[in-house]
Amino acid sequence: MTLWSWLKLFVALWLLRKIARITGWLLLVAVAVAAWPVTVTAAAGYLTAWLRGWPAVRLYRTAAWALIITGAWLTVLEVLVPGWAAASVLGRAWADGWDHLSAASVTGAFMRVAPVAIPAGLGLGGLLWAWRIYAITTGLGGITASAPMTFDARQWRRQVRTAKGQIAAPGAVPLLGRGGVIPVGGTIRAIGHRWHQVFTIPATSCARHMVVVGSTGSGKTNLMIRLWAGWFTATLQASRAGRGHRPLLIVLDCKGGRDARRKADRTRRLLYGAGARRVAICPVEAR
């Protein structure tokens with residue numbers, strides 16, 4: 001084999017690889033454009049998860065809940081028009097969206113296929129977001145070597161912002177949840193554990209002693225007050241149901257300072273609201 005023939009073979013193979021790659025991308029773009037309701041929903045879910053720092057499982061769960069509406073829609077459609085008319089309805093809606101390319105027609109077409117497009121799009125968006133996280137953390141994605149650290153730092157800030165918004169919403173984090181669990185606050189990140197929006201602990205975990213470690217201004221006192229009120233409520237409910245004794249809570253605030261009495265009054269009000277008969281919380285004024 002001469003050098004020229006080897007060079008022609010090398011160029012031909014390179015062109016074939018490039019043509020195959022470009023063809024694959026063009027086919028992917030064609031499918032995305034053809035299934036534009038699913039593509040739009042997937043892009044919206046992906047962007048929302050990226051901006052709010054959600055894990056991919058959040059999109060999966062939302063898609064699973066949306067399937068309930070899909071099932072109800074298919075059932076109603078089958079009752080009204082027997083013979084599995086869902087396929088024809090979807091086909092007509094898709095064709096109408098292409099025949100008249102206007103905002104009203106596109107919106108109407110999307111609304112008609114939404115019961116199927118939304119769960120499919122959210123599931124696809126979750127898969128894409130999970131792949132993005134995997135690619136960045138394993139080094140498959142990103143331009144620089146520091147891309148995984150930069151990505152993780154940005155996602156951490158978004159997750160913190162989302163958790164703060166979760167606990168700031170009125171009624172988002174009650175003092176006691178179902179099953180006797182105490183909501184602690186919004187979950188920033190879960191590692192090796194099932195992710196939930198709100199982190200909770202069983203009330204029985206607060207039955208003896210409690211140690212809360214944190215820096216000044218990190219919300220230790222608010223956390224302790226929430227745990228006290230949640231434990232007291234759960235234990236009092238169990239006592240009224242005949243599953244134990246009445247709770248006894250002893251609180252000693254030895255910090256003192258200007259805000260000691262204000263926080264003691266807050267604890268008093270919470271415990272009275274939980275059903276306590278006598279509450280005596282005396283802050284020790286530090287001199």
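Please treat every number below as a calculation from the coordinates, not as lab data. In this text, all values refer to a predicted model and were calculated from it rather than measured experimentally.
Some observations on this one:
- For segment 107-244, the square roots a ≥ b ≥ c of the C-alpha gyration tensor eigenvalues yield an a/c of 1.5 or more together with a/b not exceeding b/c, which makes the shape oblate.
- For THR200, residues with placed amide H under 5 Å, excluding near neighbours: VAL184
- With Cα atoms defining each centre, segment 126-146 and segment 11-27 are spaced 24 Å apart in the structure.
- Segment LEU13-ARG269, extension gain: residue separation times 0.36 nm, minus the distance between their alpha carbons: 84.4 nm
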